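Following: one structure in structure tokens, then a few remarks.
The values are calculated or read from the model by the stated rules, or taken from the named source; none is laboratory data. Note that the structure is a prediction, hence the values are computed from the model and not measured. Ideal geometry is used to build each Cβ from the backbone, glycine not excepted, and the neighbour counts take in all protein chains shown. Please note that ligands, DNA and RNA were not included when accessible areas were found on the heavy atoms of the full protein model with its side chains. Shrake-Rupley method; radii C 1.70, N 1.55, O 1.52, S 1.80 Å.
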There are 2 protein chains.
Amino acid sequence: MNFRARKRRAAGAAKAAGGDGLLVTHLADVRYLCGFTGSNAALVLAGARAVLFTDGRYTAQAKDEVAGTRVVIAKKPAVTAACEWMVEVGVKRCGFDAVHTTVAAFETMRKAVPAKVRRGMFVAVEPLVARLREVKDADEIAKIRAAAELGGKLFDEMLGYLRPGLKEMEVAATLEHAARMAGAEAMSFETIVASGERSALPHGRASGAKLPKRGFVTLDFGVVLNGYMSDMTRTVHLGKARPEEREVYDAVLEAQETAVAAVATGVTAGEVDEAARSVLRRAGLEEYFTHSTGHGVGLEIHEGPRLAAKQTQVLQQGMVITIEPGVYMPARFGLRIEDMVLVTAAGSEVLTPSVKAWIEL
Amino acid sequence: MNFRARKRRAAGAAKAAGGDGLLVTHLADVRYLCGFTGSNAALVLAGARAVLFTDGRYTAQAKDEVAGTRVVIAKKPAVTAACEWMVEVGVKRCGFDAVHTTVAAFETMRKAVPAKVRRGMFVAVEPLVARLREVKDADEIAKIRAAAELGGKLFDEMLGYLRPGLKEMEVAATLEHAARMAGAEAMSFETIVASGERSALPHGRASGAKLPKRGFVTLDFGVVLNGYMSDMTRTVHLGKARPEEREVYDAVLEAQETAVAAVATGVTAGEVDEAARSVLRRAGLEEYFTHSTGHGVGLEIHEGPRLAAKQTQVLQQGMVITIEPGVYMPARFGLRIEDMVLVTAAGSEVLTPSVKAWIEL
């Protein structure tokens, strides 16, 4: 991990936003910049200096995890200690992330600095580190690739297990057990198993419902491996499908593959969204595609960029995004197909290894 | 669920804090007040009126879950729609929870109201709903009891499974699988399995380490059932223990039982903490008890009250708290014993059914 380069870029972004210091408290950002994974942390970047403030519970862990950043075990709240230190070393304008700082934490920050320097001390800046994190470095891509491969392997195993009569929750339990046994630290998010009519719910948490003799089963899940997350969705059909189900599946698959093919460095997020949406529009299904096409993934399950209609953000080499169009026909059926995709210089590379062709079990 | 009474109490608390309206965006609070479990919500209480703002993804779900509160499916951000509505109906001073509102969300709130009413419109108040949630009603106690009972049952099953050579992660996988199969919606938090030397880590996430032939294994876990969480810890010994291990176990058990016996309506949180701490002090182990004695549990895993040294908060009938002293001897061994305890009129009732006596497997 090149923490030094990451910190340098973050300090540079803060400077460009008018800050001679940057206060980082969002835990995924802290981990990204210095490797620390504890639950209480305030990281300050001030020019070339970086200091991590945490508490006594993390003395040993911080020593293990953090190299190249000074660690201070504070008795006070970490954010208070961080702000006091900034005053000491003469930081005049500290950038902070308004999206991840609560009003109460902001008050704590203000109170930690003397009244005479308080005015102008704290500058709300865009989530700068989140923006840097959108473009993954080689180390991150390797970790994400490993997570995506494990996800695909688990899905393939599930194909031999899915059958009518299983409860959705049993399916989730079995999948999550296999993930853990294979070394996953956790699931990326609450596993979605949505079967039969419930497949029409875009986010149908696994319930007590039983898999039907005939109907769709959507599995949407991810694993966390070395801190990095995977995210994939496959929809399979139990029993013989009706022609309409097959037609909708084919349309969603075409939308998904068309969007994947549209991914390239320099293309906007909105163009990729439109690539998926236009296929479903032509199929007369646009109104049933009720969410956006995808999102970035990394240390968090939802990162930038956001692939939605009219988004002007330009895709860059090294971004890892999901492409996940779906169609949901209320009280009837629905389906979604989702891959993780790496934006490359030439175009894109699908990281999710599992097949997307029609599967009837 | 008596949502009407809960909303009335919350509106009353807001009024006492100077607000003629209350904006609730913390999702556990929203669920508590109106039953909605979606991921995007802004609930406004204004006198006897209550309106929930969410988005189109949740049309069907909100209809299912919410009764007695008007639901508005907003095209704008929920919090914007909520603030605009407050202006329309003449709310002059809206309380909001500074601990759960980000600086960015606060800006969104401010921008949603016309400049001429903005001044004085938003009043940061204590987390009022969190405070109400500390005292559980009969419906909540029944749900928490069920979650605690399931947790205990799962632990008892694990006793027949634990053996040297299993990886900690396999233990977590097996426990979590059993929890899911028994109907748990999720685990309350990342399962802790800390064995051998790792038992000296108060929060040792399940790792690839193998359970030792001789040594402690600490299991700290919880299940979510109907939205309510359980939390329990047991420490068992694999193989024959050394006398010192047994002595420390007995001291922790005495501390735990002494603290449970100290729980009663009218006692302060600090007194319960001191009850546990004084036992370990007399045993010469106080320096190794490096955390607080417990916390409230309910819709979230960490709620008030906080049972720590010098906390003056008075325990009330209907609170559900953990009592979880531990001793951690770095690089040697550690252990913790944790129950969930209901504060009753007469004293307390332990909700965690599993035995706490010494177990050598």
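None of B:Ala255, B:Ala200 is buried (at least 21 other Cβ atoms within 10 Å of the Cβ) and at pLDDT below 95 except B:Ala200. Checking B:Thr265, B:Thr258, B:Thr218, B:Thr233 one by one, the residue that is part of a helix (DSSP H, G or I), of a type in the set (Ser, Thr, Tyr), under 23 Å from B:Ala308 (Cα atoms) and more than 14 Å from chain A (Cβ to nearest Cβ) is B:Thr258 and no other. Among the residues of the stretch B:30-66, the ones that are open to solvent by less than 70 Å² (accessible area, probe 1.4 Å) and touching a residue at least 60 places away in the same chain (Cβ under 8 Å) come to 3 in all.
Quick one: A:Ala194 ticks every box in (1) part of a strand (DSSP E or B); (2) away from every other protein chain (no Cβ under 14 Å) except a single one, so which number is it? Result: A:Ala194 fails condition (2) only.
Applying the criterion of being within 20 Å of the chain's Cα centre (by Cα) and closer than 21 Å to A:Ile337 by Cβ to the residues of the stretch A:182-197, the residue that is surrounded by the most Cβ atoms within 10 Å (Cβ to Cβ) is A:Val193.
For the stretch B:89-136, the set of residues classified as under 15 Å from B:Leu45 (Cβ atoms) and touching a Cys at 6+ places or on another chain (Cβ under 8 Å) consists of B:Cys94, B:Phe122, B:Val123, listed by residue number. When the stretch B:51-88 is filtered for residues that are outside any helix (DSSP H, G or I) and within 14 Å of chain A (Cβ to nearest Cβ), the ones remaining, listed by number, are B:Thr54, B:Asp55, B:Ile73, B:Lys75, B:Pro77. Of the candidates A:Arg93, A:Arg70, the single residue that is of a type outside the set (A, V, I, L, M), assigned by TED's automatic domain parsing to the domain that holds A:Ala14 and touching a Gly at 6+ places or on another chain (Cβ under 6 Å) is A:Arg93. The residues of the stretch B:333-361 that are under 20 Å from B:Arg214 (Cβ atoms) and loosely packed, with under 15 Cβ neighbours inside 10 Å, listed by number, are B:Ala357, B:Trp358, B:Glu360, B:Leu361. Scanning the stretch B:203-223 for residues that are open to solvent by 10 Å² or more (accessible area, probe 1.4 Å) and touching a helix residue (DSSP H, G or I) at 6+ places or on another chain (Cβ under 7 Å) returns B:Ala206, B:Ser207, B:Gly208, B:Ala209, B:Pro212. Kindly evaluate B:Gly304 against the criterion of being farther than 24 Å from B:Leu150 by Cα, outside the structural domain of B:Glu65 (by TED's automatic domain parsing) and not aromatic (Phe, Trp, Tyr). For B:Gly304, the condition - farther than 24 Å from B:Leu150 by Cα, outside the structural domain of B:Glu65 (by TED's automatic domain parsing) and not aromatic (Phe, Trp, Tyr) - is not met. When the residues of the stretch A:314-332 are filtered to those that are in a loop (DSSP other than H, G, I, E, B) and either crowded, with 17+ Cβ neighbours inside 10 Å or of a type in the set (A, V, I, L, M) (or both), the one that is modelled with the lowest pLDDT is A:Ala331. Just so you know, in the stretch A:333-361 the residues that are outside any strand (DSSP E or B) and aliphatic (A, V, I, L, M) include one that is nearest to the chain's Cα centre (by Cα), and it is A:Leu351. You will find that of B:Ala179, B:Ala173, the residue that is within 25 Å of B:Ile323 (Cβ to Cβ), in a helix (DSSP H, G or I), at the interface with chain A (Cβ under 9 Å from one of its Cβ atoms) and open to solvent by less than 10 Å² (accessible area, probe 1.4 Å) is B:Ala179 and no other.
In the stretch A:92-162, counting only helices (runs of 4 or more DSSP H) that sit wholly within it, the ones holding 1 or more residues that are crowded, with 19+ Cβ neighbours inside 10 Å and free of Cβ contacts under 8 Å to residues at least 40 places away in the same chain span A:103-112.
Of the candidates B:Val103, B:Val91, B:Val129, B:Val113, the single residue that is in contact with an Asp or Glu (Cβ under 9 Å, 6 or more places away or on another chain) and within 13 Å of chain A (Cβ to nearest Cβ) is B:Val103.
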